[in-house]
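Comments concern the structure below.
Here, each number is a calculation from the coordinates, and none is a lab measurement. Predicted, not measured: the structure shown is a model, and the values here were computed from it. A quick note on method: Cβ atoms are made from the backbone with ideal geometry, for glycine too, and the neighbour counts reach across all protein chains shown.
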Amino acid sequence: MVYLTLTRLFAAIAGITSLGVVCSAPLDGVQPGPGSNTTFGSLVSRATPAPPHFVIYSDKFVSGQTGPPPVSQVQGYNVFALSFLLTEGAFDKAAEWTQLSASQRSSIKSQYAAAGIKLIVSLFGSTDAPTSSGADPVATANTMAAWVKQFGLDGVDVDYEDFNAINAGDGRAEAWLASFTRQLRVQLPQGTFLLTHAPVAPWFSPNKFGGGAYLQVHSTVGSLIDWYNVQFYNQGSSEYTTCAGLLTTSSNTWPGSALFQIAASGIPLSKLVIGKPATTGDASNGFMSTSTLAGCVQQAKNQGWNGGVMVWEFPDAAAAWIQSVRSLAFPV
């Protein structure tokens with residue numbers, strides 16, 4: 001999505017569970033957008049929810065708040081993603097989750113579950129390039145899945161932004177993602193844990209990437225992925241900023257990457273969640289006002305789509321933001 005809160009990095013290290021693999025710095029390319037052990041008997045409520053999915057990420061430091069906010073501040077969402085768990089450990093909101101006591105985490109989880117909101121962790125983000133840095137996909141999946149189970153979360157979101165690896169066009173990135181996803185599913189079974197991915201929209205453009213980017217990932221392991229939180233932002237000053245450009249016809253720069261064009265390439269509409277920044281400050285471009293986005297969401301629903309909406313990030317978006325965006329198509 002976007003960078004970690006670096007001023008909090010060293011404070012967060014004290015609370016992490018080390019993952020033993022060093023991440024590399026952000027790479028150039030298509031520009032990025034965005035315990036105690038838990039028994040398996042407590043996981044029965046984690047079945048994959050049906051669409052629509054309303055997802056909010058949280059990476060930003062909020063004064064006086066450790067971990068997720070009170071559920072009243074995120075009413076209208078049904079997934080809250082703590083960001084980020086990296087190849088070297090947990091940082092920012094993911095690290096804050098580890099700093100809570102087991103009883104505090106249990107209480108928060110119960111409150112979120114009662115409100116119908118899944119708590120997950122987002123992996124990697126724009127500061128982590130696991131393929132380029134040589135991380136082993138199976139070992140990384142095993143360690144990250146163990147972290148999820150140790151800290152009692154409902155699943156993971158794979159926010160893979162190794163742009164150099166995708167842009168290389170040699171298939172290594174796609175193969176890495178396939179192996180990583182398969183092993184996550186070994187450890188985090190489908191129907192018990194969520195497993196979503198958050199690709200940038202251009203990675204669905206046909207014939208633009210030598211390895212096939214996310215069209216290849218979907219072809220290989222799409223059945224293991226619950227849905228895609230597609231980042232329709234940070235890809236050009238006018239890209240995905242109108243309903244037509246977002247839904248029906250993207251620009252010549254990233255052809256075939258509007259919502260219904262992605263579906264035409266074989267991705268189920270029900271797996272496509274529209275991702276947007278909360279404010280102009282949350283992304284370099286791609287912002288839509290809540291009223292404009294609500295109109296686009298209504299248009300998409302009228303054409304048979306029901307995937308849902310994702311936003312980067314809390315607290316710039318909260319209950320009022322999603323309630324406005326949902327108002328015409330999926331009123332709360």
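Dipole magnitude for the chain: about 800 debye, using +1 per Lys or Arg Cβ and -1 per Asp or Glu Cβ, origin at the Cα centre. Sorted on the mean count of surrounding Cβ atoms within 10 Å across their residues, most packed first, peptides 227-236, 159-168 read 227-236, 159-168.
Close amide H partners of Val309, meaning residues 5 or more places away or on another chain with modelled amide H under 5 Å apart, are His53, Phe54, Val55, Ile274. As a proxy for reagent exposure, Arg185, Arg172 were ordered by neighbouring Cβ count within 10 angstrom, fewest first; the result is Arg172, Arg185. According to a simple spin-label model (label point 7 Å from Cα along Cα-to-Cβ), what is the distance in nm between Thr242 and Lys301? The answer from the label model is 2.4 nm.
State, to one decimal in nm, how far the label point of Val62 lies from the label point of Arg182, with both points 7 Å from Cα in the Cβ direction. Output for this residue pair reads 3.9 nm.
Say R0 is 22 Å: what FRET efficiency, to the nearest 0.05, do Gln190 and Phe260 get from their beta-carbon distance?
Working: r = 26 Å, r/R0 = 1.20.
Result of the calculation: an efficiency of 0.25.
Positive contributions from Lys and Arg (+1) and negative ones from Asp and Glu (-1), summed over other residues with Cβ under 14 Å from the Cβ of Ala102, come out at +3.
Given C-alpha coordinates of segment 51-173, what is the ratio Rg to Rh with the Kirkwood estimate of Rh? Mind dumping the intermediate values first?
Values: Rg = 15.3 Å, Rh = 15.2 Å.
Rg/Rh: 1.00.
A Stokes-Einstein calculation at 25 °C with viscosity 0.890 mPa s, built on the Kirkwood radius of the chain over Cα pairs, returns a diffusion coefficient of 126 µm²/s. Cα centroid separation, segment 130-166 to segment 262-332: 26 Å. Subtracting the Cα-Cα distance of Ala113 and Ser219 from their residue separation scaled by 0.36 nm leaves 34.9 nm.
Cross-link check: pairs Lys149/Lys208; Lys149/Lys301; Lys109/Lys208; Lys208/Lys271; Lys93/Lys271 evaluated at a Cα-Cα cut-off of 32 Å; pairs beyond the cut-off: Lys149/Lys208; Lys149/Lys301; Lys109/Lys208.
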